[in-house]
Amino acid sequence: MIREPAIEALPSREIHPSARGRPLRRLLGRGSVQLTLVLGSLVFALPFVWMVSTSLKADRQIFAFPPIWVPDPFIWGNFSAVFIYAPMHLYFFNTLTIALAHVLGAIFTCSLAAYAFSRLRAPGRDIIFMVMVSQMMVPYIVTLVPLYLLFAKINWVDTFYPLTVPAFLGTPFYIFMLRQFFLTIPMELEEAAIIDGAGRLRIWWSIVMPLAKPALATVAIFSFMFAWNDFTGPLIFLNTREKFTLSLGLQAFMFERRTMWGPLMAASTMMIAPILIVFFLAQKHFIQGIALTGIKA
């Protein structure tokens with residue numbers, strides 16, 4: 001009778017108690033981070049929620065204690081009252097014109113300058129780039145007086161030119177951001193285009209710009225938000241009420257109708273709403289552009 005060989009049992013590996021608890025600790029760590037982010041977002045969103053709620057309240061509910069978060073009833077007339085007491089549609093059109101000019105100027109001129117700094121070789125290029133970047137340390141308020149004197153000499157005061165033309169002359173921060181992104185684009189793509197006979201402008205327009213959509217979206221959002229919320233520039237350069245932007249119109253409405261809190265909050269809501277819409281529509285490209293910009297120095 002043939003006996004089968006005895007199979008020796010393999011030694012069992014004991015799992016250390018600390019290893020068993022790692023997934024649980026990892027899950028608890030992620031949960032605590034998510035909870036902290038949610039609570040922080042609620043804290044920052046609280047003023048906006050209160051503003052929207054106040055814009056739909058009657059006067060007797062605005063200062064009620066304890067606070068009333070959900071209006072009863074909803075006073076939609078506060079939004080229509082804004083257009084009765086102030087030409088908000090005109091302010092909106094003026095602000096939109098300036099903001100779109102800022103976006104167009106930032107994308108066109110800053111992308112050209114950033115492409116030149118990232119790809120073209122010229123004597124003193126790095127020195128010029130350092131001088132350009134150093135301008136970011138100069139506060140905007142410091143340049144207002146010389147800018148006002150310059151624009152007054154050429155009769156541009158009380159026009160949209162001081163608020164739009166500088167956007168077509170390049171912004172150091174946007175140039176730096178786009179340059180960092182352009183450095184991540186492989187040189188082989190441009191070399192292949194040069195072999196096919198493409199010039200620098202054709203490469204910039206047909207190859208670099210389509211690949212840089214996330215960075216361009218980031219620049220567009222930043223420039224749009226700056227122009228939309230800018231108060232100092234319009235305050236200095238605009239005098240005629242028909243040329244006011246939303247920020248100036250909202251301040252004038254606040255001083256003239258300071259007791260009308262419902263319409264005032266409604267006007268504030270209408271001013272903030274376009275910024276939120278633009279951000280959420282371009283949120284994917286914005287986050288991608290922030291994540292990819294600056295990978296390569």
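The values are calculated or read from the model by the stated rules, or taken from the named source; none is laboratory data. Bear in mind that the values here come from a model prediction, so they are computed numbers and not experimental data. Virtual Cβ from ideal backbone geometry, glycine too; neighbours counted across all protein chains shown. The area values use the complete protein model at the heavy-atom level, side chains included, leaving out ligands, DNA and RNA. Shrake-Rupley method; radii C 1.70, N 1.55, O 1.52, S 1.80 Å.
Using r as the Cβ-Cβ distance of Val52 and Lys213, and R0 as 30 Å, what FRET efficiency do you calculate, to the nearest 0.05?
Numbers: r = 32 Å, r/R0 = 1.07.
The calculated FRET efficiency here is 0.40.
Using only alpha carbon pairs under 8 Å that are at least six residues apart, calculate the relative contact order of the range 48-121 and give it in whole percent. Mind dumping the intermediate values first?
Values: 27 pairs, mean separation 15.1, N = 74.
Once normalised by length, the contact order is 20 percent.
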Between Phe44 and Phe93, what is the label-to-label distance in nm when each label sits 7 Å out along the Cα-to-Cβ direction? 3.6 nm
Quick calc, the range 129-282, dipole around Cα centre from Cβ unit charges on Lys, Arg (+) and Asp, Glu (-), nearest 20 debye, gives 400 debye
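Sequence gap at least 6, Cα distance under 8 Å: using those rules, report the relative contact order of the chain to the nearest whole percent.
Working: 268 pairs, mean separation 87.4, N = 297.
Relative contact order of the chain: 29 percent.
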Given (i) 48, 38, 16; (ii) 37, 21, 18; (iii) 40, 29, 16 as possible values of semi-axes √(5λ) of the Cα gyration tensor in Å, the one from the coordinates is (i)
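Using a 1.4 Å probe on the protein chains only, how many percent of the accessible area of the range 54-154 belongs to carbon and sulfur?
Working: 4790 of 6290 Å².
For the range 54-154, the apolar C and S fraction of the accessible surface comes to 76 percent.
Nothing charged except the Cβ atoms of Lys and Arg (+1) and of Asp and Glu (-1): what's the magnitude of the dipole of the chain about its Cα centre? Round to the nearest 20 debye. Spell out each step's value before the answer.
Values: 23 positive and 14 negative charges, 90 e Å.
For this selection, approximately 440 debye.
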Calculated [θ] (222 nm, deg cm²/dmol) that DSSP helices of n ≥ 4 give over the chain, each run adding -39,500 (n - 2.57): -20500 deg cm²/dmol
For Phe168 and Glu256, extending 7 Å from Cα along the Cα-Cβ vector and measuring point to point gives, in nm, a value of 3.3 nm
With the crude spin-label approximation of a point 7 Å out along Cα→Cβ, what separation in nm comes out for Ile128 versus Val145? 3.1 nm
Linear extension gain, Arg121 paired with Ile194, 0.36 nm per residue minus alpha-carbon span: 24.7 nm
Between 0 and 90 degrees, rounded to the nearest ten: what's the tilt of helix 283-292 against the longest Cα principal axis of the chain? 60 degrees
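Please calculate how many Å² of accessible area the chain carries per residue, with a 1.4 Å probe and no DNA, RNA or ligand atoms counted.
64 Å²
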What is the extension gain from Asn229 to Ser80, computed as 0.36 nm multiplied by their sequence separation minus the C-alpha to C-alpha distance, in nm to one decimal? 51.4 nm
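Loop only per DSSP, at most 14 neighbouring Cβ atoms within 10 Å: give me the chymotrypsin sites (Phe, Trp or Tyr not before Pro) in the range 182-234, ordered by residue number. Display every interim value, and only then the final one.
Numbers: sites: Phe182, Trp204, Trp205, Phe222, Phe224, Phe226, Trp228, Phe231; in loops: Phe231.
Here the sparse-neighbourhood loop sites are Phe231.
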Say a paramagnetic label sat at a point 7 Å from the Cα of Ala273, along Cα to Cβ; which residues of the range 214-241 have their backbone N under 18 Å from it? 228-229
Positive minus negative residues near Trp204 (Lys, Arg vs Asp, Glu; Cβ under 11 Å): +2
